[in-house]
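One structure is given below, encoded as structure tokens.
The values are calculated or read from the model by the stated rules, or taken from the named source; none is laboratory data. It should be emphasised that the depicted structure is a prediction, and the values quoted were computed from it without experimental measurement. Here the Cβ positions follow ideal geometry from the backbone for every residue, glycine too, while neighbour counts run over all protein chains shown. All accessible areas refer to the heavy atoms of the entire protein, side chains included, with ligands and DNA or RNA removed. Shrake-Rupley method; radii C 1.70, N 1.55, O 1.52, S 1.80 Å.
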Amino acid sequence: MKIKKAVIPAAGLGTRVLPISKSMPKEMLPLVDKPAIQYIVEEAVAAGITDILIITNRGKDIIEDHFDHSVELEQVLKNRGNDKTLKEIEALSSLANIYFIRQKETKGLGHAVLAAKSFVGNEPFGVLYGDDVIIGDDPAIGQLIRAYEEYGLGVAGVKKVSTEDIMRYSSLAVTPLKDNLMKVTDMIEKPSIDNILSHYSILGRCVLPPQIFDILEHTENGAGGELQLTDAMKTLARTETMVAVDFTGKRYDMGNKLGILQANVELALKHTEIGEAFKQYLKELTKEL
Ligand code: UTP
């Protein structure tokens, strides 16, 4: 079955990027001139996703506004003959069928994904974490979708991370399958140093079968007292195994301050309008460091 649906959880409190995230969703933080979540939606669309559910909460209405038509703005751009920007702005509201639902209490990523149950129905679907931007020629979620189509098993997008990071993320028990694919038989969220299964961690993308909802409904709250998606995926990995894809593309963590700055600098250097000028600026600046 072709995977056409994706869920973007964007209802977290973003406590690691306070104070900006008090009134501005971290998923809307700019990467040069686009909010982070736009890159994520564009990645999903490039991978053939047609229907996207964004999980939001109070104070995140501007995400909805961003993907809506702005009739007044479009008229002004038209009157000014600014066709290039007009096209870009119009395209934003017709990227995909985008739906929104609120997670009424911030009870964890697993709890947020559970809110997508009726949207997803009985199909496999992609999950793209709203604060993980992945830039590459081959959309990361598309790489996972291909693995799902080949194996018919849940798929996690992974990369090797440092010991320090693995203790803040998740750790997976993996054995090689082929190329950049591995079989996953177990996983743990936020392991202590003695419980690290490998240095492969799930970074922002997965493709899941609809059975995940039943599993989530029967999963106890885990790390941080929250319903963890990793705990539900652990059940999936232990019962029917999963596949891990060491995806190509560079991942930026918009959930922490350094990640936001790294993403901005690197994307600004590649930007068609300002890339060259920014590079010159950085060269000058680094002389003083
Ligand atoms: P994170 O754990 O990185 O987000 O979740 P957070 O809870 O906002 O982070 P901190 O620790 O407080 O800074 C990964 C993704 O899952 C979403 C977040 O918005 C983020 O995009 N999420 C997390 C939800 O949608 N609901 C939740 O209850 C928790």
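Residues being touching a helix residue (DSSP H, G or I) at 6+ places or on another chain (Cβ under 8 Å), aliphatic (A, V, I, L, M) and under 21 Å from residue 239 (Cβ atoms) are entirely absent from segment 133-148. For segment 4-18, which positions are in a loop (DSSP other than H, G, I, E, B) and more than 6 Å from the ligand (Cβ to nearest atom)? Matches in segment 4-18: 4, 18.
Considering the conditions (1) farther than 27 Å from residue 225 by Cα; (2) in a helix (DSSP H, G or I); (3) of a type in the set (D, E, K, R), residue 123 is excluded by exactly one of them, (2).
Across segment 88-119, the number of residues qualifying as in contact with a Pro (Cβ under 9 Å, 6 or more places away or on another chain) and either open to solvent by less than 30 Å² (accessible area, probe 1.4 Å) or among the hydrophobic types (A, V, I, L, M, F, W, C) (or both) comes to 6.
Of the residues 61, 33, 68, the single one that is open to solvent by 30 Å² or more (accessible area, probe 1.4 Å), over 21 Å from residue 206 (Cα atoms) and modelled with pLDDT of 95 or more is 33. Helices (runs of 4 or more DSSP H) fully within segment 172-289 that include at least 3 residues being more than 16 Å from the ligand (Cβ to nearest atom) and of a type in the set (D, E, K, R): 229-240, 275-287.
Within segment 107-125, none of the residues are under 28 Å from residue 264 (Cα atoms) and either at pLDDT below 95 or in contact with a Lys or Arg (Cβ under 9 Å, 6 or more places away or on another chain) (or both).
Exactly one residue out of 226, 240, 220 is open to solvent by 10 Å² or more (accessible area, probe 1.4 Å) and without any contact (Cβ under 8 Å) to a residue 12 or more places away in the chain: that is 220. Out of all the residues in segment 244-281, which are free of Cβ contacts under 8 Å to residues at least 60 places away in the same chain and open to solvent by less than 40 Å² (accessible area, probe 1.4 Å)? Selection gives 259, 275. Taking segment 120-167 as the range and being more than 16 Å from the ligand (Cβ to nearest atom), surrounded by 24 or more Cβ atoms within 10 Å (Cβ to Cβ) and among the β-branched types (Val, Ile, Thr) as the test, the residues that pass are 145, 155.
Among the residues of segment 19-53, the one identified as within 12 Å of the ligand (Cβ to nearest atom), within 30 Å of residue 121 (Cβ to Cβ) and in a loop (DSSP other than H, G, I, E, B) is 25.
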